[in-house]
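Values in this text are rule-based calculations from the coordinates and carry no lab data. Just so we're clear, the structure is a prediction, and the values are computed from it rather than from any experiment. Every residue, glycine among them, receives a Cβ derived from its backbone with ideal geometry; neighbour counts consider all protein chains shown.
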Amino acid sequence: MDEFKITFFPEHKSVSVDRGTDLLTAALKTGVHIYNSCGGEGVCGRCKVIVKKGDYITEGSGRVSDAERNEGYVLACRTSPGSDMEVFVPEESRLGDLEILTEEIKAKRLAGLYTPVEEIEEEHYKVTSKIFKHGPLSTKIFLKLPNPTIDDNSGDADRLLREIKKHHKEINTIQMGLSNIKRLPRLLRESNWEVTVTLGNRNRTTEVVLIEPGDRSKENFGVAVDVGTTTIVAYLVDLNSQKVLGSKASYNPQVDFGEDVISRIIFAQHEKGLEKLHHAVIDTINTLIDNLIKEASLTLDDVTAVVSAGNTTMTHLLLKIDPANIRKDPYIPAVNFMPVIRASEAGIKINPRGLLMCLPCIGSYVGGDIIAGVLASGMDKTRDLSLFIDLGTNGEVALGNKEWLMSCSTSAGPCFEGGGLKCGVRAMKGAIQNISIKNNSLEIQTIGNLPPKGICGSGIVDIVSELLKNKIIDRSGKIKDNKICQVRDCDGIKELVLVVAEDSATGKDITIDENDIKNLIHSKGAIYTGIEVLLKESGFEKSDIKHVFIAGGLGTALNIRSAINIGLLPDLPEKSFAFLGNTSVAGAKMCLLSYEATDKADVIANKMTYLDLSTNALFMNNYSAALFLPHTDIELFPSVKKLLS
Amino acid sequence: MERLIEKWQDKISEVTLGAKKIIKIGGETGIYFIEGEDKCPNPPRVAMEVWDMEPESWPEVLKSSFGKALKDPGDWAKMCVDKFLADLICLRLASTHPDSKNTSGEEAGKVLEKVMKAISVPLIVIGSSAPEKDNEVMAYCANIAKGQNCLFGIATQANYKTLTAACLSAGHAIISEAPIDINIAKQLNILICDMQFPADKIVIHHATGALGYGLEYTYSIMERTRLAGLSGDKMLSMPMISFAGQESWRTKEAKTGCMDTGILWEIATGSAYLNSGVDILVMNHPKAVEEIKKAINNFTSRGA
């Protein structure tokens with residue numbers, strides 16, 4: 001078979017591939033990450049590259065304009081080589097820095113993903129008075145065993161267990177594996193009967209996980225991980241002092257295989273698909289943990305426990321379980337309540353005998369990230385009716401109080417994370433996150449105050465709200481002629497120029513077109529209708545809601561007023577809204593530190609009613625009413641009605 | 001047994017059509033034909049369809065009722081009013097469609113003038129459902145009929161601005177159409193009103209399904225619209241129109257069945273919509289018109 005050498009610029013990285021291999025796959029092999037939302041189906045048009053040299057075969061696509069085609073632009077996923085090639089990957093087609101520097105982001109108020117835990121918990125304390133009792137997933141205890149004598153003649157292992165029980169009366173059953181027992185006689189005698197035992201809390205029984213010589217009880221650390229569809233976040237936690245020693249975030253490289261969970265489940269069915277997805281997430285987690293322990297000057301062996309929170313599909317992929325049935329009627333996952341296992345079984349590199357716990361899931365489309373969110377918000381502890389909204393790709397919504405909990409997944413789409421937009425980017429440096437229109441001119445604010453690269457989720461919410469307020473778009477999202485923003489026609493679709501090419505970081509105009517606005521309207525409509533359906537099904541009114549907790553990638557950068565203006569959030573007093581940032585990792589950390597929190601997570605998962613919106617007639621009907629700005633029924637948004645009149 | 005009589009808080013807006021002979025539609029404060037509730041000042045009206053060209057697609061049984069008049073829109077319209085007692089005439093500018101004769105706005109305007117001269121009842125004017133061509137033709141025709149207070153159509157969510165502006169400046173009423181979706185109907189009405197168009201000059205069309213071809217769907221959407229309007233939703237409290245004739249005569253049964261099948265189909269479809277709260281029925285066959293008018297008389301004179 002013919003082999004061709006493809007070189008990617010500006011990295012100057014080359015790879016040899018067979019005839020018929022598309023450029024997207026080729027780029028991946030060299031480690032060049034090209035943006036694509038559709039999983040290489042030729043639909044999203046995000047993976048544009050410029051062919052500098054060489055013959056190629058490309059399928060026609062409406063996503064590449066004539067002007068671009070003349071410049072050599074092709075869709076990487078639809079193009080395969082006909083000879084050796086040189087390909088340039090332009091700035092706007094890149095995934096961006098793979099790792100986000102926590103310090104910098106912190107400074108930019110991107111609390112959604114990156115706030116230190118302390119900040120999250122400040123909010124958390126407002127609604128919860130009781131903190132969970134300290135009792136981590138793995139505990140280290142130092143024991144000085146009495147030397148055996150002819151009178152005290154119990155066996156080595158029996159002696160160890162006897163002493164553990166003597167000091168920890170609350171432990172009823174205790175388990176120890178053969179490998180530990182085998183090592184015991186020598187280890188005890190060489191360490192002069194002074195050892196540190198790591199006790200793991202495994203599914204309500206206690207296990208002797210690890211025995212080390214001497215006193216190592218101070219070196220006990222764990223990692224809390226949020227395995228998001230888009231982003232992976234890890235916290236390194238001192239299990240004794242309960243302090244967070246560091247946090248790291250990275251994009252989920254599974255994005256290379258598809259932007260949403262459905263396209264990834266489909267990808268998992270390809271040859272070696274599941275393996276690729278699994279390794280993508282595991283490699284990232286291992287890198288994050290590696291960097292965290294290096295910064296804290298620890299060794300991998302000091303980390304004895306990992307707790308992860310992710311949606312059901314992400315949890316399956318983390319554990320390399322085939323998620324195929326999640327998307328097939330009647331939508332049954334392989335596991336909801338995952339028992340605690342060894343982290344090494346899943347491929348996570350910590351202490352080889354360390355434990356991995358995954359937060360329980362509720363159903364195919366409501367997962368452990370929501371359990372973590374409810375746990376972190378404390379909404380299950382008060383009598384007040386609270387609403388929890390995760391503004392992520394799956395757009396989960398939960399409603400309830402200490403008596404009951406109900407949740408649904410609204411499939412909002414990647415819009416809030418900058419996906420599916422013509423000039424959309426994730427919340428990265430240079431992303432437009434706020435705009436305002438004053439004196440007929442547009443003021444733009446980007447993350448890091450850098451030249452604009454594109455529009456992120458909070459940016460699009462703000463932009464559409466401002467456009468609506470200034471009557472540049474009508475209530476159906478159609479662009480009108482106006483004096484503030486240049487309107488032009490692009491392949492029959494109207495678009496507004498927000499930033500001209502010379503002011504942008506990409507060297508191209510940054511625009512928003514009617515399809516982008518339509519995408520946002522569909523996303524916000526889905527979330528709002530999810531809220532409406534939960535209220536209706538539980539027999540409550542909007543006005544009964546006392547607290548609204550917002551979690552997810554756009555967290556504190558989201559302008560609440562704008563979100564109400566476009567009909568994403570219900571029209572409630574602004575003081576009812578609270579940002580919790582990344583509640584998924586916060587909840588995972590709580591479970592890492594306390595068995596009480598873990599028990600609570602199980603209680604929440606068992607208590608929560610899952611409402612399947614795909615079969616809900618009310619949802620479909622109300623959804624089309626929500627596809628308007630702010631809503632077909634403006635009486636639902638009295639403050640917006642006042643603003644627009 | 002005691003009967004429950006519903007009291008509604010609001011009323012349907014009243015739309016006045018025509019200049020020479022004036023007709024009012026809408027104004028209901030209850031549901032048609034429910035004794036005790038049906039406070040309906042204006043009975044439902046029947047319009048008959050007239051084309052600007054001989055309708056080749058019509059089956060013979062339908063064409064034969066009009067004879068030679070089909071060749072002259074003026075004669076045809078006059079026949080419908082004088083002989084078949086149509087309350088309104090609905091002029092369909094079918095020949096303007098690019099796939100048909102692609103006649104110009106000026107030519108359509110001439111036909112319109114001819115029809116206006118021939119009759120004194122109010123006029124409904126609709127295009128050929130080719131959005132871009134309609135914008136050109138309807139804007140021109142609206143101006144020709146300025147001051148005649150006609151009902152122009154059809155505005156859709158994708159194409160409403162030109163027609164709305166034309167009707168606004170020439171003082172006509174407008175048909176706003178949504179594809180059997182109550183929310184889109186409401187959204188379109190909001191968008192039209194946002195252009196400063198008066199709400200009491202809008203007539204709603206929910207698309208029409210003939211018997212066996214989606215009638216139940218349209219029926220329930222129309223009923224829901226009426227209930228919403230009576231319950232105080234100002235953006236749904238407009239009178240409604242239904243093209244019962246056109247849809248019935250498109251069915252396979254009407255085209256291929258024996259003589260009466262099409263007529264019965266049209267009667268069945270039309271009378272169902274009468275009960276859903278329709279205010280104007282646009283119909284085709286004179287026999288069906290006669291039966292429907294009889295039914296309206298029976299319903300409205302009962303108990304009065």
*What's the Kirkwood radius of segment A:152-262 in Å, using all Cα pairs?*
17.0 Å
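Order of A:Arg488, A:Arg78 from fewest to most other C-beta atoms within 10 Å?
A:Arg488, A:Arg78
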*asked:* What does the extension gain come out to for A:Gln269 and A:Lys144, with contour length at 0.36 nm per residue minus their alpha carbon separation?
replied: 39.7 nm
*Cα axis of helix A:368-377 to longest principal axis of chain A: angle in degrees, 0 to 90, nearest 10?*
80 degrees
_Förster radius 35 Å - calculated FRET efficiency between A:Asn153 and A:Leu178 (Cβ-Cβ, nearest 0.05)_ = 0.95
_Please compute the modelled spin-label separation between B:Met195 and A:Glu91, points set 7 Å along Cα→Cβ, answer in nm with one decimal._
4.1 nm
*Residues with amide H under 5 Å of A:Glu396's amide H, sequence separation 5 or more or different chain, H placed in the peptide plane at 1.01 Å from N; which?*
A:Asp390, A:Thr410
*Distance from the Cα centre of segment A:260-310 to that of segment A:566-645, in angstrom?*
28 Å
_Sorted largest first, extent of segment A:138-213 alpha carbons per principal axis (Å)_ = 36, 21, 20
_Debye-sum result for chain B in log10 I(q)/I(0), which assumes one identical scatterer on each alpha carbon, at q = 0.11, 0.14 Å⁻¹_ = -0.61, -1.03
*asked:* Compute the distance from the alpha-carbon center of segment B:242-304 to that of segment B:53-90, in whole Å.
replied: 16 Å
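Restricting everything to alpha-carbon atoms, can you work out Rg to Rh for chain A with a Kirkwood hydrodynamic radius?
Details: Rg = 26.5 Å, Rh = 26.2 Å.
Using only Cα positions, Rg/Rh for chain A is 1.01.
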*If you wrap a convex hull around the C-alpha atoms of segment A:3-93 and split its volume per residue, what is the figure in Å³?*
81 Å³
*For segment B:232-304, what's the relative contact order in percent, using C-alpha pairs closer than 8 Å and at least 6 residues apart?*
36 percent
*Tell me the label-point distance for the pair A:Thr25, B:Ser57, using the 7 Å Cα-to-Cβ offset, in nm and rounded to one decimal.*
4.8 nm
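Per residue of A:508-519, what is the mean number of Cβ atoms on other protein chains within 10 angstrom of that residue's Cβ?
Numbers: counts 0, 0, 0, 0, 0, 0, 0, 0, 0, 0, 0, 0.
If you average over the peptide's residues, the count of other-chain Cβ atoms is 0.
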*Sequence-separation-based contact order of chain A, relative, with Cα cut under 8 Å and 6+ spacing, percent*: 14 percent
*Can you pull the one-decimal nm distance between simple spin-label points at A:Glu295 and A:Glu574, each 7 Å off the Cα toward Cβ?*
3.3 nm
*Quantify how strongly other chains surround peptide A:85-94 by giving the mean number of their Cβ atoms within 10 Å of each of its Cβ atoms.*
0
*May I ask what percent, to the nearest 5, of DSSP beta bridges between residues of the protein assembly as shown are antiparallel?*
55 percent
*With r as the distance between the Cβ atoms of B:Gln9 and B:Ser100 and R0 = 51 Å, compute the FRET efficiency 1/(1 + (r/R0)^6) and round to 0.05.*
0.60
_Among B:Leu168, B:Ile119, B:Ala158 the positive-end extreme of the charge dipole of segment B:17-299 (Cβ point charges)_ = B:Ile119
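Quick check on chain B: of the DSSP beta bridges with both residues there, what percent are antiparallel, nearest 5%?
On the way: 5 of 32 bridges.
Just about 15 percent of them are antiparallel.
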*Amide hydrogen neighbours beyond the local backbone of A:Phe9, cut-off 5 Å, H modeled*: A:Val87, A:Phe88, A:Val89
*asked:* I'd like the distance separating the alpha-carbon centroids of segment A:133-205 and segment A:228-259, in whole Å.
replied: 33 Å
*With axes computed from alpha carbons, what is the tilt in degrees of helix A:156-167 against the longest principal axis of chain A, rounded to the nearest 10 within 0 to 90?*
70 degrees
*Go through A:Ala343, A:Ser217, A:Gly552 and say which Cα lies farthest out towards the positive end of the charge dipole of chain A; charges sit on Cβ, +1 for Lys and Arg, -1 for Asp and Glu.*
A:Ser217
*Under a straight-distance cross-link criterion of Cα-Cα below 17 Å, which lysines are reachable from A:Lys453, leaving out those fewer than 8 residues away in the same chain?*
A:Lys48, A:Lys108, A:Lys422, A:Lys429, A:Lys508
*Full extension from B:Ser301 to B:Lys114: what is 0.36 nm times the residue separation minus their Cα-Cα distance, to one decimal in nm?*
63.7 nm
_To test your reading of the geometry: what angle, between 0 and 90 degrees and rounded to tens, separates the Cα axis of helix A:617-626 from the longest principal axis of chain A?_
50 degrees
*Rg and Dmax of segment B:78-135, Cα atoms, in Å?*
12.3, 36
*Among DSSP beta bridges whose residues both lie in segment A:3-93, state the antiparallel percentage, nearest 5.*
80 percent
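Scan chain B and note any complete DSSP helix (H) whose C-alpha atoms cover at least 30 Å along its axis and whose Kyte-Doolittle average is -1.0 or more.
Numbers: long enough: none.
Correct list, ordered by number: empty.
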*Quote to one decimal, in nm, the extra length available between A:Ser614 and A:Arg327 on full extension: 0.36 nm per residue of separation minus the C-alpha distance between them.*
102.1 nm
*At a Cα cut-off below 20 Å, give the lysines reachable from B:Lys39, other chains included and same-chain residues fewer than 8 away excluded.*
B:Lys7, B:Lys11, B:Lys24, B:Lys234, B:Lys293, B:Lys294
_Cβ-based charge dipole, segment A:260-346, positive-most Cα from A:Val303, A:Ile266, A:Leu277_ = A:Ile266
*Label 7 Å along Cα→Cβ of A:Ile50; segment A:2-43 residues with amide nitrogen under 11 Å?*
A:10
*Cα-derived Rg to Rh of segment A:393-488, Kirkwood definition*: 1.09
*Using a cut-off of 19 Å between alpha-carbon atoms, which aspartates and glutamates can reach A:Lys165, once sequence neighbours fewer than 8 places away in the same chain are excluded?*
A:Asp152, A:Asp156, A:Glu194, A:Glu207, A:Glu212, A:Asp215
*What do you get for Rg/Rh over segment B:160-254 if you use C-alpha atoms and the Kirkwood form of Rh?*
1.01
*FRET efficiency, B:Asp260 to A:Lys542 (Cβ-Cβ, R0 51 Å, nearest 0.05)*: 0.40
*Go ahead and estimate [θ] at 222 nm for the protein assembly as shown from helices alone: -39,500 (n - 2.57) per DSSP H run with n ≥ 4, summed, over the residue count, rounded to 500.*
-10000 deg cm²/dmol
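I'd like the mean, over residues of A:625-634, of how many other protein chain beta carbons sit within 10 Å of each residue's own Cβ. Before the final figure, lay out each step's value.
Values: counts 6, 1, 3, 6, 1, 0, 2, 11, 5, 2.
That average works out to 4.
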